[in-house]
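**Student:** Mind having a look at this structure? Questions to follow.
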Amino acid sequence: MLSSAIDGIRLSLHVLAATIWVGGQIVLAGLVPSLRRVSPEATRVAANAFARLSWPAFAVLVLTGFWNIGAVNMSSQTTAWKVVLGVKIAVVVISGASAYLHTKAKSTAGLAVWGSIAGLSAVAALVMGVFLAN
């Protein structure tokens, strides 16, 4: 029973971090138009506040992701499952890298492009994680 409790903690931490990383990006994207109407500075303040939560959540996602992989018997997984895992890892890297580039972007176009890539790749990673869990 102890391993079941550890599995529950591992998966709960991973899902909680995903709700912050993925869900937070979706919420922030929905708030940006309203925040811009309030004040151009309001968007930056909200983004900085989100970063204080999202980057630690991303770190937890990566750590618990490796923990999840370690909890799986890879020799019993199909080739298709392993391919999806490899693609998911690549998509997670894209999500983190594009989110970082979004924070460094100076132009509106750069913010839009990198933010869109970060958000879409985060959702793609989440969906692949659901398929891997089954």
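**Student:** Does region 7-20 contain at least one residue that is in a helix (DSSP H, G or I), over 18 Å from the mean Cα position of the chain (by Cα) and aliphatic (A, V, I, L, M)?
**Tutor:** Taking every residue of region 7-20 in turn, at least one turns out to be in a helix (DSSP H, G or I), over 18 Å from the mean Cα position of the chain (by Cα) and aliphatic (A, V, I, L, M).
**Student:** So, one more: Can you run down the residue pairs with Cβ atoms below 9 Å, 6 or more apart or on separate chains, where the first is in region 73-94 and in a helix (DSSP H, G or I) and the partner is of a type in the set (Ser, Thr, Tyr)?
**Tutor:** Val91/Ser121; Val92/Ser121; Val93/Ser121; Ile94/Ser121
**Student:** Check Lys88, Lys82 and return the single one that is farther than 23 Å from Trp55 by Cα, touching a helix residue (DSSP H, G or I) at 6+ places or on another chain (Cβ under 9 Å) and of a type in the set (D, E, K, R).
**Tutor:** Working: Lys88 fails: farther than 23 Å from Trp55 by Cα.
So the residue among Lys88, Lys82 that is farther than 23 Å from Trp55 by Cα, touching a helix residue (DSSP H, G or I) at 6+ places or on another chain (Cβ under 9 Å) and of a type in the set (D, E, K, R) is Lys82.
**Student:** Can we say Pro56 is loosely packed, with under 14 Cβ neighbours inside 10 Å, of a type outside the set (Lys, Arg), out of contact with any Pro (no Cβ under 6 Å at 6 or more places or on another chain) and modelled with pLDDT of 95 or more?
**Tutor:** In short, yes.
**Student:** Name the residue that is farthest from Val72 (Cα to Cα), counting only residues in region 115-134 that are free of Cβ contacts under 8 Å to residues at least 40 places away in the same chain and of a type outside the set (A, V, I, L, M).
**Tutor:** Applying the filter and picking the extreme gives Ser116.
**Student:** Is it the case that Gly86 is of a type outside the set (S, T, N, Q) and either closer than 19 Å to Ala57 by Cα or crowded, with 16+ Cβ neighbours inside 10 Å (or both)?
**Tutor:** Judged against the criteria, Gly86 is not a match.
**Student:** Next question, about the same structure. Testing Pro40 on (1) at pLDDT below 95; (2) under 30 Å from Ala5 (Cβ atoms), one condition comes back false. Which one is that?
**Tutor:** (2)
The values are calculated or read from the model by the stated rules, or taken from the named source; none is laboratory data. In this text, all values refer to a predicted model and were calculated from it rather than measured experimentally. Here Cβ is always computed from backbone atoms with ideal geometry, including for glycine, and neighbour counts include all displayed protein chains.
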